[in-house]
1. Can you tell me how much longer the chain between residue 109 and residue 72 gets when fully stretched, taken as 0.36 nm per residue apart minus their C-alpha distance, in nm with one decimal?
2. On C-alpha positions alone, give me the angle between the axis of helix 191-204 and the longest principal axis of the chain, in degrees, nearest 10.
3. Compute the helix-to-body angle for 36-45: its Cα long axis versus the longest principal axis of the chain, expressed 0 to 90° and rounded to tens.
4. What's the center-to-center distance, using Cα atoms, between the stretch 152-186 and the stretch 77-128 in Å?
5. What angle do you read, to the nearest 10 degrees and between 0 and 90, between the alpha-carbon axis of helix 62-72 and the longest principal axis of the chain?
6. How big is the antiparallel share of DSSP beta bridges in the chain, given as a percent to the nearest 5?
7. What spacing in nm lies between the two simple spin-label points modelled at residue 182 and residue 96, each 7 Å away from Cα in the Cβ direction?
8. From the phi angles alone, apply the Karplus equation (6.51, -1.76, 1.60; θ = phi - 60°) to the stretch 2-19 and give each ³J(HN,Hα) in whole Hz, x where the residue is Gly or Pro.
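Rule-based calculations on the coordinates, nothing more; no lab input. The structure displayed is predicted, hence computed values, not measured ones. Note that each Cβ is placed from the backbone with ideal geometry, even for glycine, and that neighbours are counted across all protein chains shown.
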Amino acid sequence: MIKVLIAEDDFRIAAIHESYIQKIQGFQVAGKAKNAKEMWEALENDQVDLILLDVYMPDELGTNLLPLLRERYPGVDVIIITAATETMLLRDALHYGVVHYLIKPVTAQKFTQVLTEYKEKVDIINSKDEVNQTMIDLFFGQMQEEPKQKSDRDLPTGINSITLEKVKTLMASENNGITAEELGEKMGASRTTARRYVEYLVTTGECRAELAYGIIGRPERKYYPANKQVES
């Protein structure tokens, strides 16, 4: 579970963002802070994995907090959510490693998309002790200009177009079938994430699933390209 601290001085916006988070699987609101002082107190007293940080805090500029955040809490990620549009602030945010930068007002759809992609990247990092190029490409895929079969607005929650295209590419060569666990290893993601994507492809008719019966244990679900017939 990813614990989120909302650092936002406008209680109405904070409440909206809290309501968004409550609808996204795998996230939990750790607390809310109206200013920098309350943010530091929350970080000291509670487990926080991700901060949704406003720039225009009443007692400090949010981007000015980033150097200290990196020094004191290097394991805490930051997503900037602000009405500020100055390029300098974006440069500062990127320099200190923010994982995303959102301009207010943020729609529920965009908010959900960004947090879902963030969680998938966390899953990639946590899934293996070593990385490969496929994992790296998936992690930085958001920054690549790749063709999309569908826009993210056309996809269900938890499915983003970039990762979906990667899964389609991997599945195209799996004529002997593959389990969700095996697919997750190739993706550099968790079994749960891999299953979510391939099950979506089953619903669209682009893949098919069959039960494979082993010598011991329960039968497991194997996935094939839609045009591949399973040999009996």
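1. Gain on stretching residue 109 to residue 72: 10.1 nm.
2. In the chain, helix 191-204 runs at an angle near 60 degrees to the longest axis.
3. Between helix and principal axis, roughly 50 degrees.
4. With the stretch 152-186 and the stretch 77-128 each reduced to a Cα centre, they are spaced 24 Å.
5. Once rounded, the angle reads 70 degrees.
6. 35
7. Taking the two extended label points, one gets 4.7 nm.
8. Couplings: 8, 8, 10, 9, 9, 9, 8, 7, 8, 5, 5, 5, 4, 5, 5, 5, 4, 5 Hz.
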